[in-house]
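Comments concern the structure below.
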Amino acid sequence: YVTVTTETYTPANTGGGAGWYEAELAGGALITFRDFWIDLSYQIHFFPNDTHDAVSELDARFSYDMAGLWDPTPPLNRKFSLRPYALQARELQDQNGDENTYIELGLEPTWRFKWLHRNFAVTLPALVGLSPDGIYYDPNSNRNKLLGYASEGIRATMALPAPHKFGHWYLNASLTDTQLFAQSTIHDNRGSHN
């Protein structure tokens with residue numbers, strides 16, 4: 001698979017105007033075996049407005065659908081899934097400083113259903129973002145912090161009609177609440193914990 005993501009921002013010191021903050025290119029492979037999922041990807045983050053230099057990283061995410069313990073239905077056909085996961089991302093090249101490691105632990109309960117002849121899914125993801133080696137820190141003491149943030153949210157997915165020769169297409173919408181814990185992330189967010 002290949003994904004492309006972009007982000008824009010409004011600079012805090014100017015009170016207006018928008019900028020192109022980040023472009024992210026990713027490619028990878030998703031491997032499944034029964035209720036086990038392994039998602040491997042390589043990502044490159046570009047910062048067109050020169051807020052940072054480019055960063056590249058290798059990610060590995062391991063998850064298991066616990067619903068398989070009581071529901072023998074194939075994983076993608078289950079009406080309910082309960083998938084805990086662990087993700088590790090390791091920077092391979094970071095021109096802004098040291099190459100660091102990011103760890104994410106999460107849980108994704110998902111409900112699938114049909115409505116108006118379309119397949120839908122609703123997920124309530126929750127996660128914590130951790131780093132053992134310096135992504136999160138206290139700027140005053142330069143001490144590394146393990147816990148950077150936690151978030152919870154809701155995501156809705158709808159299958160779009162497309163001929164099979166073009167693959168599967170989906171429309172996604174999500175809302176996420178993020179709580180920041182490390183002083184470096186709070187500082188970057190203009191002093192706000194949310």
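The values are calculated or read from the model by the stated rules, or taken from the named source; none is laboratory data. All of these numbers come straight from a predicted model, not from anything done at the bench. Because the Cβ atoms are built from the backbone with ideal geometry, glycine has one as well, and the counts that use them run over all protein chains shown. Calculation scope for accessible area: heavy atoms of the full protein, side chains included, ligands and nucleic acids excluded. Shrake-Rupley method; radii C 1.70, N 1.55, O 1.52, S 1.80 Å.
A few notes on this one:
- GNM flexibility winner over the chain from 109, 161, 74 (Cα, springs under 10 Å): 161
- Share of carbon and sulfur in the accessible heavy-atom surface of the range 41-147 [1.4 Å probe, %]: 58 percent
- Only lysines eight or more places from residue 79 in sequence, or on another chain, were considered; those with a Cα closer than 28 Å are 114, 165.
- The Cα center of the range 99-118 and the Cα center of the range 67-88 differ in position by 11 Å.
- Most mobile of 32, 110, 73 in a GNM of the chain (Cα contacts under 10 Å): 73
- With protein chains left intact and a 1.4 Å probe, residues in the chain average 65 Å² of accessible area per residue.
- Listed values (1) 35, 24, 14; (2) 35, 18, 13; (3) 32, 20, 18, entry calculated as semi-axes √(5λ) of the Cα gyration tensor in Å: (3)
- The residue among 84, 153, 67 whose Cα reaches farthest toward the positive pole of the charge dipole of the range 50-194, with charges on the beta-carbon of Lys, Arg, Asp and Glu, is 67.
- Principal axis extents of the Cα atoms in the range 56-113, from largest to smallest and rounded to whole angstrom, are 47, 19, 14.
- Proximal charge balance of residue 148 [Cβ under 13 Å; K/R count +1, D/E count -1]: -3
- For the range 55-151, alpha-carbon Rg over 2.2 N^0.38 Å: 1.43
- Rounded to the nearest 20 debye, dipole of the chain from Cβ charges on Lys, Arg, Asp, Glu: 1140 debye
- Total formal charge among the other residues, if their Cβ is under 11 angstrom from that of residue 81, Lys/Arg +1 and Asp/Glu -1: 0
- Placing one equal scatterer on every Cα of the range 106-175 and applying the Debye formula, the log10 ratio I(q)/I(0) at q = 0.21 Å⁻¹ is -0.89.
- For a modelled paramagnetic label at residue 152, 7 Å from Cα along Cα-to-Cβ, the residues of the range 111-141 in reach, with backbone nitrogen under 13 Å, are 124-128.
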